[in-house]
Amino acid sequence: MGNKIIRGLVFILAISIAGYAIVQYGFLNASNAGLVSFKLQKPNFELQPWIYVLYTHIFTAIFALIIGPFQLFIKPTNGRKRWHRLMGYGYVLSITVSGIVNVYLSIFATGGWISSLGFMSLDVLWVATTFMATRKILVKDIQAHKVWMLRSYALTFSAVTLRILLAPLIFLLGDFEAAFRAVAWLCWIPNLIVIEVVISRMRLRRQQGFTTATPK
Ligand code: HEM
């Protein structure tokens, strides 16, 4: 698949999932969302304050999901540098806030401790990769900044992977909670593997570029 098609697909999928979250939680009744209505069936589940924490998570995470492709795919040329920096700070801020509230959401995740551990690991890596990317740009290491941002966005994209995989997993395992335990891990581990392959290909291409450009 060509680069342009992959980028277009990433963009469309990110916008679609963000759109789902905005419509479901912003315009429709949150209690009717699949996950929330499932949780409400549990006798010991308290909707408040959980739902407010979820709103904070969704509001901040959506920003990261939408802004990511623009930051990664549009080259920050001179005229766009200020915009890139501003949106970059927004991306980091939204992940920092979401990263904090995610700890609470992870503890109460559907599927018990296996899901909690999956989401908590994702959360720690999400914040860590984003902070690494920020540190790299602060010391003007552009190449390393790009690599860490690719890792960060691969983890942001878990929001998309989760919603693609959940239905087939429910079908395969025949149980919503079992599917949720699996998806808490499967929504991000494959993303990290794919992005590491992309990064090593980029490195290889750069090295090949250097060798062909070096005079004999
Ligand atoms: C990458 C780090 C992320 C982590 C660790 C994370 C974690 C969680 C957790 C633990 C829940 C509650 C699950 C439960 O109670 O069973 C949740 C729900 C949710 N998250 Fe995230 N999330 C992340 C990224 C995102 C992003 C980028 C979005 C952007 C749209 C998002 C949108 C949602 C939505 C809409 C829900 C409600 C469930 C639904 O209706 O599908 N999350 N998340």
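Please treat every number below as a calculation from the coordinates, not as lab data. A quick note: this is a predicted structure, and the numbers were derived from the prediction, not measured. Here the Cβ is made from the backbone with ideal geometry for all residues, glycine too, and neighbour counts use every protein chain on show.
Mind scanning 4/140; 4/146; 4/39 and naming the pairs with a C-alpha gap bigger than 30 Å?
Among 4/140; 4/146; 4/39, the Cα-Cα distance tops 30 Å for 4/39.
Mind ordering 148-161, 175-188, 28-41, 105-118 by average Cβ neighbours within 10 Å, highest first? Show your work: numbers first, answer last.
Working: 148-161: 23.4, 175-188: 20.0, 28-41: 13.1, 105-118: 17.0.
Packing proxy ranking, top to bottom: 148-161, 175-188, 105-118, 28-41.
222 nm [θ] for the chain, helices only, -39500 (n - 2.57) per DSSP H run of 4+, per residue, to 500?
Values: 9 runs with 171 residues, N = 216.
After summing the helix terms and dividing by residue count, I get -27000 deg cm²/dmol.
Non-local amide H neighbours of residue 108 (under 5 Å, H modeled in plane, Pro and chain starts lacking H): which ones?
none
What full-extension length gain, to one decimal in nm, is calculated for residue 193 and residue 12 as 0.36 nm per residue of separation minus the Cα-Cα distance?
On the way: separation 181, 0.36 × 181 = 65.16 nm, distance 2.15 nm.
Gain on extension, residue 193 to residue 12, equals 63.0 nm.
Relative contact order for region 1-111 using alpha-carbon pairs under 8 Å, separation at least 6, rounded to a whole percent?
Values: 60 pairs, mean separation 34.7, N = 111.
Reported as a whole number, the value is 31 percent.
For the chain, compute the orientation-averaged projected area of the C-alpha convex hull (one quarter of its surface), in nm².
Seen from a random direction, the Cα hull of the chain projects 14.2 nm² on average.
Would you work out the relative contact order for region 82-216, in percent, from Cα pairs under 8 angstrom that are 6 or more residues apart?
On the way: 117 pairs, mean separation 30.4, N = 135.
Worked out over region 82-216, it gives 23 percent.
Which of 57, 104, 87 sits closest to the plus end of the dipole of region 1-143, meaning its Cα is farthest towards the positive end, when Lys and Arg get +1 and Asp and Glu get -1 on the C-beta?
Checking the options against the dipole of region 1-143, the answer is 87.
Pairing the Cα long axis of helix 189-213 with the longest principal axis of the chain, what angle in degrees results, from 0 to 90 and rounded to the nearest 10?
The helix 189-213 is inclined about 0 degrees to the chain.
Taking the Cα centre as origin and putting +1 on Lys and Arg beta-carbons and -1 on Asp and Glu beta-carbons, what dipole magnitude results for the chain, to the nearest 20 debye?
On the way: 21 positive and 6 negative charges, 293 e Å.
Taking the Cα centre of the chain as origin, the dipole is about 1400 debye.
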